[in-house]
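> Quick one: structure below, then a few questions.
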Amino acid sequence: MYSPAQEQQLFSAAKEILSHSGAELSAINTLRQILRWADWRYYVQSEPALADQEYDAIFKKLQTLEQSHPELITPDSPTQRVAKALSERFPAVAHLVPMLSLDNTYNAEDLSDWDRKVREGAGDSLVEYCVEPKYDGASVSLIFDQNHLQRGATRGDGIMGEDITQNVRQIRSIPLSAELAACGIKQIEIRGEVVIHKSVFEDFNKQRVAEGLSPLANPRNAASGTLRMLDPNEVSKRKLSAILYHISDVELLPGSDRPRALKKHYDSLQWLAQLGFPTPAKEMKCFTDIAEVISYCSEFESRRDSLPFEVDGLVIKVNDLALQEKLGMTSHHPGWATAYKFSARQATSKLREVQFQVGRTGSITPVGKIDPVSIGGVTVSSLSLFNEDVIREKDLHIGDTVLVERAGDVIPYIVKALSELRTGAEQAIQFPQGCPECGEALERPQDEAVWRCINIDCPAQVVERMIHFCSKDAMDIRGMGEGIVTKFFENGILRTIPDLYQLDWKKVAALDGFKEKSLNNLRTAIENSKTQTLARLIFGLGIRHVGETTAKTLANNITQLRELYDWTEARLLSLEDVGPKVAASITHFFAQPELRHTLDQLEAAGLNLENSARQDAVSGVFSGKSFLFTGTLEQMKRSDAEALVEARGGKILGGVSSKLNYLIVGADAGSKLEKAKKLGTVVILTEAAFLELAGS
Ligand code: IVH
């Protein structure tokens, strides 16, 4: 797609533009090229080339130029993904070629049967198979006409779909234009799957829970639900991805020959990747023998959890496109492809009991206890039922046989009750009248799905607030997990958050199971938390509806935490991502005298409520330095490590080169490490050494 020389050129152009205030009109095309390249690096290659702030700065420059010269705006400009909300349903559109689904196989025998049929149909031709992941998302059809993305549609009933072009334009891995005419192509229809990255899905659900909403069940539902949202801006926030795996229709420009790559499926996807499209190109493997396909399938299944997207099987396709045509279609399925489905991550069990847990904001969460059942190698015996509405919608009863699903790393959930198996002995689930912990009355605000205990001193809430304060994404006090906080609370050692900083260590030492080493570790962890960022402190305070993102936004807009005492709802509303509900919650939170007292105590204990001083001190340590990660990190996700580099002013490079300063090496590092060693100019660090360097 981009040669190293082109990448270097775009990178230098970006730096050049960033070093000037403003931008010249003559740079308008360069700005677009840089942004398209940065999108491709970030969304297709998963190897960012620019820091977020750099990207934003270039984006703003382009926007400013386009605003003063609207006549120069092109539909494929990176600024033009933004769109207005639709007022009603999506228009129905006819597919150029019916969108069929695939026949399924579940084992070696099924695959061998399918292979036999293919070989019968193939006659004397040699059969080669291409195997690629079966992505679990929502299928889409994309039409590019004269180089531009013209239409995006859902599958619908396979004949008619819904026109979701504006939403598809929000998917940053899908280019808005591509150099197809140069390959002799007037129009092309490409099919693929819209998916959501597992980590994006997790973050998204965390945010929903922080906002008092129930989490979405799995990445598949999240992807398909998002694609059909009426407001493209909301779609954009959900950070969908796409993977394109099939060319279903091609119309050539007059006098042009069909590109040579369009003879084999494998080559066609490599060709799409070359043009900048996201494809499974790197994940595809070809085989001539079905036995090899079968062993690859089982090997791949064993590592399905390590993939960034949810994959529910593999798709085996005949590689030769002429042979595909010869094998043709039945009314439902193509004869040239089949899906090999991984073993189900669903199982049935009995719902025995529902317990009610009190969260840190007083929310009452029903938790279902089921007969332990193994799903995809993990035993599940307890799962969240989210809220009363979910129980009612699914019509769950105690004693029901329930279908449980676990999608990858995602939390298990009840898909449905098998009502046909009821005996009549099942019992309705009674929601408690009062708080199961303190007995106080429960309240359910009109527009919310959850009941809440309104007693701010409810012991369950107090403990949950402290657990949250100490948690990894908040103050990150290692060793202060749920078990220890609860134990300290029950023993009267810890009653409020400020108590953490004045623990009676003699009492702690007297508790069972506390050795000197763990005690010292805990002490250090608590001490270190005093220098956490203001954003983490704000997040740790557990303000309702304030997740990590909002906490960061707040921290970035103040120099002293107490400034928020005077912020009005109107002022809060001027911040990005802060809506009326969040603003009301923040003002209510900071108006509480108890909270103000807590902050005074925390400050007296040595926590820093100031922003600028601390952030400046740490922010610049990596400034001017470049980093690259290789292998598997143990203490943090790669995306978090990269964010840390950027937060400290460093940048992430896409590969090992003489420009690279630091290579951070995790487990099973490969060729990057070898290359860096050969270069001899790169500092090679372990993950621990890197964290130390980052002061984290
Ligand atoms: S090929 C004409 N390849 O699985 C057949 N499908 O029932 C074109 N899917 O509807 C489909 N990953 O939504 C193909 N690598 C892949 C796929 C894939 C996921 C979905 C697709 C399809 C369903 C099969």
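> Just a yes or no: is a residue in segment 117-139 surrounded by 15 or more Cβ atoms within 10 Å (Cβ to Cβ), more than 16 Å from the ligand (Cβ to nearest atom) and under 32 Å from the mean Cα position of the chain (by Cα)?
no
> Another question, then. Hey, among the residues in segment 355-378 that are farther than 27 Å from ILE456 by Cα and at pLDDT 90 or above, which one's surrounded by the most Cβ atoms within 10 Å (Cβ to Cβ)? Explain how you work it out, then say what you get.
Kept after step one, since they are farther than 27 Å from ILE456 by Cα, are these residues of segment 355-378: 369-378.
Applying the additional criterion that residues be at pLDDT 90 or above yields 369-373.
On the way: LYS369: 16, ILE370: 22, ASP371: 13, PRO372: 10, VAL373: 18.
Ranking the qualifying residues of segment 355-378, first place goes to ILE370.
> I'd like the residue in segment 151-168 that is of a type outside the set (Gly, Ala, Ser) and free of Cβ contacts under 8 Å to residues at least 24 places away in the same chain and, out of all such residues, is nearest to ALA223 (Cα to Cα). Let's see the steps before the verdict.
Within segment 151-168, the first condition is being of a type outside the set (Gly, Ala, Ser), and the residues that meet it are 151, 154-155, 157, 159-160, 162-168.
Subset that is free of Cβ contacts under 8 Å to residues at least 24 places away in the same chain: 157, 165.
Working: ASP157: 18, THR165: 15 Å.
Here the answer is THR165.
> Another question, then. Here is a list of conditions, (1) in contact (Cβ under 8 Å) with a residue 40 or more places away in the chain; (2) under 27 Å from the mean Cα position of the chain (by Cα); (3) part of a loop (DSSP other than H, G, I, E, B), and ALA641 meets all of them except one; can you say which number that is?
(3)
> Could you check how many residues of segment 653-696 are in a helix (DSSP H, G or I), without any contact (Cβ under 8 Å) to a residue 60 or more places away in the chain and of a type in the set (A, V, I, L, M)?
6
> Mind listing just one residue for me: the one in segment 228-266 that is of a type in the set (A, V, I, L, M) and under 21 Å from ASP145 (Cβ atoms) and, of those, surrounded by the most Cβ atoms within 10 Å (Cβ to Cβ)?
Step one: filter segment 228-266 for residues of a type in the set (A, V, I, L, M), giving 229-230, 235, 240, 242-244, 247, 250, 252-253, 261-262.
In the following step, the residues that additionally are under 21 Å from ASP145 (Cβ atoms) were identified as 242, 244, 247, 250, 252-253, 261-262.
On the way: ALA242: 26, LEU244: 21, ILE247: 19, VAL250: 18, LEU252: 15, LEU253: 14, ALA261: 17, LEU262: 16.
Top of the filtered list is ALA242.
> Right, another one. Specify the residue that is modelled with the highest pLDDT; the eligible residues are those in segment 379-397 that are surrounded by 14 or more Cβ atoms within 10 Å (Cβ to Cβ) and part of a strand (DSSP E or B). Give the derivation first.
From segment 379-397, those surrounded by 14 or more Cβ atoms within 10 Å (Cβ to Cβ) are 380, 383-388, 390-391, 394, 396-397; that's our starting set.
So of that shortlist, the ones also part of a strand (DSSP E or B) come out as 380, 383-384, 397.
Details: VAL380: 93, LEU383: 93, SER384: 89, HIS397: 97.
Taking the candidates together, the pick is HIS397.
> Still on this model: Identify, by number, the condition in (1) of a type in the set (D, E, K, R); (2) outside any helix (DSSP H, G or I); (3) surrounded by 16 or more Cβ atoms within 10 Å (Cβ to Cβ) that ASP39 doesn't meet.
Evaluating ASP39 over (1) of a type in the set (D, E, K, R); (2) outside any helix (DSSP H, G or I); (3) surrounded by 16 or more Cβ atoms within 10 Å (Cβ to Cβ) leaves (2) as the failure.
> Please name all residue pairs, on different chains or six or more residues apart, with Cβ atoms under 9 Å, provided the first residue is in segment 218-233 and is of a type in the set (Lys, Arg) and the second residue is crowded, with 21+ Cβ neighbours inside 10 Å and assigned to a helix (DSSP H, G or I).
ARG228/ASN167
> Output the residue which, of all residues in segment 293-328 that are surrounded by fewer than 20 Cβ atoms within 10 Å (Cβ to Cβ) and among the small types (Gly, Ala, Ser), is nearest to ALA138 (Cα to Cα).
The residue in question is SER306.
> What are the pairs, 6+ residues apart or on separate chains, where a residue within segment 255-284 that is farther than 18 Å from CYS130 by Cα has its Cβ under 7 Å from a residue that is small (Gly, Ala, Ser) and modelled with pLDDT of 95 or more?
Taking only residues 6 or more apart or on different chains, the pairs are SER256/GLY184; ASP257/GLY184; PRO259/GLY184; LEU275/ALA178; GLY276/ALA178; PHE277/ALA178.
> Looking for whichever is modelled with pLDDT of 85 or more, in contact with a Ser or Thr (Cβ under 8 Å, 6 or more places away or on another chain), surrounded by fewer than 20 Cβ atoms within 10 Å (Cβ to Cβ) and closer than 26 Å to TYR2 by Cα here; the options are LEU679, LEU673, LEU663, LEU644. Which one fits?
On inspection, the qualifying residue turns out to be LEU673.
The values are calculated or read from the model by the stated rules, or taken from the named source; none is laboratory data. Everything numeric here is computed off the predicted structure, so don't read it as measured data. In this analysis, Cβ positions are derived from the backbone assuming ideal geometry, glycine residues included, and neighbour counts consider all displayed protein chains.
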